[in-house]
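Below is one structure; the comments refer to it alone.
The values are calculated or read from the model by the stated rules, or taken from the named source; none is laboratory data. Fair warning: this is a prediction, and the values are worked out from it, not measured in the lab. Cβ coordinates were reconstructed from backbone atoms using ideal geometry, including for glycine residues, and neighbour counts include every protein chain displayed.
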């Protein structure tokens, strides 16, 4: 019998460690499991639609792409991480510079992440556009095709801001403190000019139910407990405390951005 | 509910330490602060750690948030790796490299440290002997009078070179054997691990100073006999910690102590006398630990069998390198004159009797009867170590 096959994008070597760990954990619980790694989300979405994989660990943009390409087929987000819910992006400028409000950004150079990054490019640029503010976006394409999963694009945008090459930069909310802690920007150097609305990030996507094992897969992941020392390293690597049932209410901002920039 | 006032401290500057500290002591905390980014950084920080934001408000440039601590924690099933000042009977592999007494997170590797039983590795004297060992370390560069005059005859120098060649070989075995067990001792038994490490460092220094003494005047070393290396090989291959310690440290180094004293007493120059004296000082400590350790755990029948087994293995070998025996005679004689040789020969015969006495005394300290001690001492390798 065919195992439950998951598709995931290899944005970092640790992705192998993560899914090897999940494979071992799931198989000891009786779920035949395997995974296929893709170098980019477009290939993963295509493979998912063709049935090569039963579920796809999708970026928010890959989710939107899947929904749109699936047409009349039933597409569901069955799981997501607690850390995928209610994210925001922020637009930061230099605290010692002239940019104090969104209005000040009009016509200015704004550093963004990879061209396909929802959090560092699409959603914040859409936020500006929705307020009628047009800017000159300067992309930092680290690992294009990986939808901004790699933090390098955002880091490069902040570096460009520090060097004065752009007047503002767009980053995920959680990276604001991170970039100060790691020294990319000195504390006090950044001023938050704007914050987008809340949105959701990755989800585990299935099409037409995802096959015979999908519900068992979902049950097992929902039962993972951070207190369990066997599970904890996997959750630490994947960056979550608990799996939650998937929801699709958090993708409106991205849908709007895709419509605007497509 | 405790209240945490961050004032102007931001999350890029360590504010999370105060929040985490508050949450460690209370399941719900209120956080206040004036950092303009607080309303963004605090929820993001909480999200990544599973804490819930129950309320968040910014008014008059002051952000106030109520946080409910995550129900889960990395430390829920953590356990103490024993206590700082007491060892357990058996150290679990999962404690691994953690400091004794540390709070150890569950999960993680379980490295193999085969010597994990108190009954096999521990001796209460280890801490005291370790302190003594570190206090007694000496610097080969300054502790030895390397420039002291060497005005003895060339043949005596040749004898010293031969003896040093023999010592280097034996001290190398004395380095390798504890080094092999060092990596097997569970780090929970920290003092034993430290003591073995110093022992290894001691032997490294001995190898250095004996080599340096041998080459003060000569560009080539003496001979290394097959039988000597066969004798040492049985030590290196001994898989049992207690037996290896017994054969190497009690019987081997126990025999070496009179040998080093002999070299010290008959040395024609200060450098030779000093390297022998300082090495003997270290070896005495190694013997003391082995005796203390074995006094607790020695299975005398097992030790007896080990001596007999080694004797059988080495029975067909040639014993002590004749060049070494002759060099010791010449060292004690001081010249090739027949009366001097007669004196030197008698001194070496007396040395072997001293070694036998030392071994028997050690064996009796381990609880062997004097008759047994005599028999076992006589079965000891003729190579001295």
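Using the structure shown, decide if residue B:358 is more than 19 Å from residue B:268 (Cα to Cα) and assigned by TED's automatic domain parsing to the domain that holds residue B:249. Yes.
Among the residues of the range B:247-261, the one identified as buried (at least 24 other Cβ atoms within 10 Å of the Cβ) and within 22 Å of residue B:145 (Cβ to Cβ) is B:259. In the range B:76-89, the residues that are within 14 Å of chain A (Cβ to nearest Cβ) form Cβ pairs under 7 Å with partners that are surrounded by 11 or more Cβ atoms within 10 Å (Cβ to Cβ) and part of a loop (DSSP other than H, G, I, E, B), at six or more places apart or across chains, as follows: B:76/A:227; B:77/A:227; B:77/A:229; B:77/B:106; B:78/B:105; B:78/B:106. The combined condition, being at pLDDT 95 or above, closer than 14 Å to residue A:79 by Cα and more than 11 Å from chain B (Cβ to nearest Cβ), is not fulfilled by residue A:242. Of the strands (runs of 3 or more DSSP E) lying entirely inside the range A:35-125, those carrying at least 3 residues that are closer than 27 Å to residue A:158 by Cβ and more than 14 Å from chain B (Cβ to nearest Cβ) are A:109-111. For residue B:104, indicate whether it is buried (at least 18 other Cβ atoms within 10 Å of the Cβ), within 14 Å of chain A (Cβ to nearest Cβ) and under 41 Å from the mean Cα position of the chain (by Cα). Judged against the criteria, residue B:104 is a match. Within the span defined as the range B:54-71, every residue fails to be without any contact (Cβ under 8 Å) to a residue 12 or more places away in the chain and within 14 Å of another protein chain (Cβ to nearest Cβ). You will find that of A:31, A:37, the residue that is more than 14 Å from the chain's Cα centre (by Cα) and in contact (Cβ under 8 Å) with a residue 60 or more places away in the chain is A:31 and no other.
Results for (1) outside any loop (DSSP other than H, G, I, E, B); (2) more than 10 Å from chain B (Cβ to nearest Cβ); (3) closer than 30 Å to residue A:72 by Cα, shown as yes or no for each residue.
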{"site": "A:177", "(1), (2), (3)": "yes, no, no"}
{"site": "A:218", "(1), (2), (3)": "yes, yes, yes"}
{"site": "A:221", "(1), (2), (3)": "yes, yes, yes"}
{"site": "A:230", "(1), (2), (3)": "no, no, no"}
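Between A:24, A:55, the distinction of being within 30 Å of residue B:51 (Cα to Cα) and buried (at least 18 other Cβ atoms within 10 Å of the Cβ) belongs to A:55 only. If the condition is being more than 18 Å from the chain's Cα centre (by Cα) and more than 10 Å from chain B (Cβ to nearest Cβ), then the range A:185-211 contributes A:193, A:194, A:207, A:208, A:209, A:210, A:211. Residues in the range A:1-50 that are touching a helix residue (DSSP H, G or I) at 6+ places or on another chain (Cβ under 9 Å) and farther than 28 Å from residue A:114 by Cα: A:3, A:4, A:21, A:22, A:25, A:26, A:29, A:30, A:31, A:32, A:33, A:34.
The set of residues from the range A:179-213 being in a loop (DSSP other than H, G, I, E, B) and in contact with a helix residue (DSSP H, G or I) (Cβ under 6 Å, 6 or more places away or on another chain) comprises A:184, A:185, A:187, A:196, A:197, A:200, A:201, A:202.
The residues on offer are A:120, A:129, and the sole one that is within 22 Å of residue A:60 (Cβ to Cβ) and over 20 Å from the mean Cα position of the chain (by Cα) is A:129. Within the range A:246-259, no residue that is in the same structural domain as residue A:59 (by TED's automatic domain parsing) and more than 21 Å from residue A:221 (Cα to Cα) sits with its Cβ atom under 9 Å from a residue that is part of a loop (DSSP other than H, G, I, E, B) and modelled with pLDDT under 95 at 6+ positions apart or across chains.
For residue B:95, the conditions (1) crowded, with 18+ Cβ neighbours inside 10 Å; (2) touching a helix residue (DSSP H, G or I) at 6+ places or on another chain (Cβ under 9 Å) are fulfilled apart from (2).
Of the residues B:242, B:288, B:271, B:280, the single one that is within 18 Å of the chain's Cα centre (by Cα) and within 29 Å of residue B:154 (Cα to Cα) is B:280.
When each of A:252, A:214 is tested for being over 23 Å from residue A:111 (Cα atoms), modelled with pLDDT of 95 or more, more than 14 Å from chain B (Cβ to nearest Cβ) and surrounded by fewer than 17 Cβ atoms within 10 Å (Cβ to Cβ), the lone residue that passes is A:252.
The set of residues in the range B:9-47 that are within 12 Å of chain A (Cβ to nearest Cβ) and surrounded by fewer than 16 Cβ atoms within 10 Å (Cβ to Cβ) comprises B:14, B:17.
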